[in-house]
Structures are given as structure tokens and as C-alpha cells.
Amino acid sequence: MNAKGRLIFPLDVPDAEQARKYVRLLNNQVGVFKVGLELFVSEGPSIVDAIGNLTDAGIFLDLKFHDIPATVQRAIRSASCLQKVSFITVHCDPVLLEAVVTEVAEHIKILAVTVLTSLDSKALLSLGIREELAAEPIQLVLQRASIARQAGCAGIVCSGREATAVKKKFGEDLVIVTPGIRPDWGDVKRDDQARVVTPYLAVKNGADYIVVGRPIRTADDPVKAAARVVEEIEKGLQDRFI
Ligand code: C5P
């Protein structure tokens, strides 16, 4: 897969019109467009076909399912009817993951969300996570990656800080998707992301795909910003595991 193919752009916009605008604008720079809660809730499943009709890029349905197994199984069955979707996210929970992997259509890969990149040690502690795990989220991510692997998921979502450890342990058995990307040159300062790394570092550390939203969306020139991200991905691939 080339560098462009590894860039996921989240369509974090309120309506189909804006989603179409970004798909047209970034179609040559981006490998996968991500449909998240905001767009899916406002436009419904038809947005997936609307995007698919504009691009050959992949579509990632990022609804981060987390409910009792029977409910998520049904949601996965419904999502499986969306022919253009190639990735779907489910929160990491062993019983849940095992119940849903058998329900998903062949064209869709399930990614397990390990530890959200917006959570830092303090937040993990307040959620009741043991001190030694909260202090060093890598251990928690590895534990959850194991659960995902055992359940038969295609991949996981984790930060670029944990990607090396996951790649070392699971090799190509788990696809790593990494959000929480903040280029050195970006304008995005403090926001809700906590465990952040640059595009270069994420890929060098082993991320297979990176999710880059605001650093591209809020740039003066989103096309140029996306091209810069792709350049960093290329460099990260060259220096991988050095
Ligand atoms: O780059 P930016 O912070 O704008 O990216 C935000 C996107 O990353 C959102 O669509 C959000 O759902 C996604 N994300 C994710 N997993 C995380 C953190 C953010 O998929 N752990």
C-alpha cells in the first residue's frame, strides 16, 4: 500500500453537502474517508453510498459500537448491508468482540478500539483503571490488543505511542489505525487529544493507517496540508523500525 492509501480523513462535518465538498477536495490525497457519529447521525446510512459514488477511496464507518452483544450484533448485521464500507469500529470487550466477529460481512474489517487517544493517565485512573496500567497505557493497550486478536478482529485503534509495542507483539496479524496525530507544523494547539504524535512518528512506530482530521481541515490550504502528511507517511515508512 502506498503512503496516500494510509491516510484516513475523518469527515467530521454536520451534513452531506460539506462531506461532499471535502471528498471532492481531498480525493487525490486521501486513501480512506471516515464517516463518524456526527455525519452518520445527521444523514443516515445513505451518506455511505453518496460518498462512495464520488470516490474510489475506502470508507471507514467509525461508530465505535459499545453495547450488549445482541444489540451490537444487530447493528453489525445492518452495517454489513453497506457494500462500500471497509472498516467498522467496536469498543474492546472480549464477550462483545467474540459475538460480533462472526456477524460481519466479508468485505468489512472490524477494528477494536483499545484506549481512546483522548484519555491520559489521570482520566484512566478516574475510570478505575489500576495505577500501574493507568500510568503507562501501553500495557492496557497490549492487553486489549490481545483480546482483539483472540476474538479474531482484523485490527485495532491505538495511539502512535503504543504502535511499536503492538507491532512487535502481533506483527502483521493486527492492522494498526492511529488517530491523535498532530504534525509539528500544524496550527492545532490544545484540544481533546491527549496521547498525540506526528504523522512521521506514528508510521515509523508501526501504524498502518493514520487518522488526521483537524490538522488538515483547519489548515489554510487543506490540500497542501494533506500532501505534507502524505510526505511524512512516506518518510515514516522508509525509517520504519529503525
Ligand atoms: O485529527 P483529529 O483530532 O481532528 O481527529 C479526530 C477524529 O479522530 C474523530 O473523527 C475521532 O472520532 C477520531 N478518533 C478516533 N479514535 C480516537 C480518537 C479520535 O477514531 N481514539
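The values are calculated or read from the model by the stated rules, or taken from the named source; none is laboratory data. Note that the coordinates shown come from a computational prediction; the quantities given were computed from them, not determined experimentally. Note that each Cβ is placed from the backbone with ideal geometry, even for glycine, and that neighbours are counted across all protein chains shown. These area figures cover heavy atoms from the full protein model, side chains too; ligands, DNA and RNA do not enter into them. Shrake-Rupley method; radii C 1.70, N 1.55, O 1.52, S 1.80 Å.
Looking at the range 113-122, which of the residues that are open to solvent by less than 60 Å² (accessible area, probe 1.4 Å) and under 17 Å from Cys92 (Cα atoms) is nearest to the ligand (Cβ to nearest atom)?
Checking each candidate, the answer is Thr117.
Please count how many residues of the range 123-143 are buried (at least 17 other Cβ atoms within 10 Å of the Cβ) and of a type outside the set (A, V, I, L, M, F, W, C).
Residues flagged as buried (at least 17 other Cβ atoms within 10 Å of the Cβ) and of a type outside the set (A, V, I, L, M, F, W, C) within the range 123-143 amount to 1.
Confirm whether Leu97 is modelled with pLDDT under 90, over 26 Å from Arg240 (Cα atoms) and away from the ligand (no atom under 16 Å from the Cβ).
Considered against the rule, which asks whether it is modelled with pLDDT under 90, over 26 Å from Arg240 (Cα atoms) and away from the ligand (no atom under 16 Å from the Cβ), Leu97 comes out as no.
How many residues does the range 88-103 hold that are out of contact with any strand residue (DSSP E or B) (no Cβ under 8 Å at 6 or more places or on another chain) and hydroxyl-bearing (Ser, Thr, Tyr)?
So the count comes out to 1.
Just one of Gly36, Gly52, Gly44 is at positive phi and free of Cβ contacts under 8 Å to residues at least 40 places away in the same chain; which is it?
The unique qualifying residue is Gly44.
Output the residues belonging to the range 102-134 that are at pLDDT below 95 and hydrophobic (A, V, I, L, M, F, W, C).
Val104, Ala105, Val115, Leu116, Leu119, Ala123, Leu124, Leu125, Leu127, Ile129, Leu133, Ala134
Mind checking whether some residue in the range 201-209 is more than 19 Å from the chain's Cα centre (by Cα) and under 24 Å from Lys109 (Cβ atoms)?
Looking through the range 201-209, none of the residues is more than 19 Å from the chain's Cα centre (by Cα) and under 24 Å from Lys109 (Cβ atoms).
Looking at the range 209-229, I want the residues that are farther than 21 Å from Phe60 by Cβ and have a partner that is assigned to a strand (DSSP E or B) with Cβ atoms under 8 Å, at least 6 apart or on another chain. Which pairs are those?
From the range 209-229, no pairs qualify.
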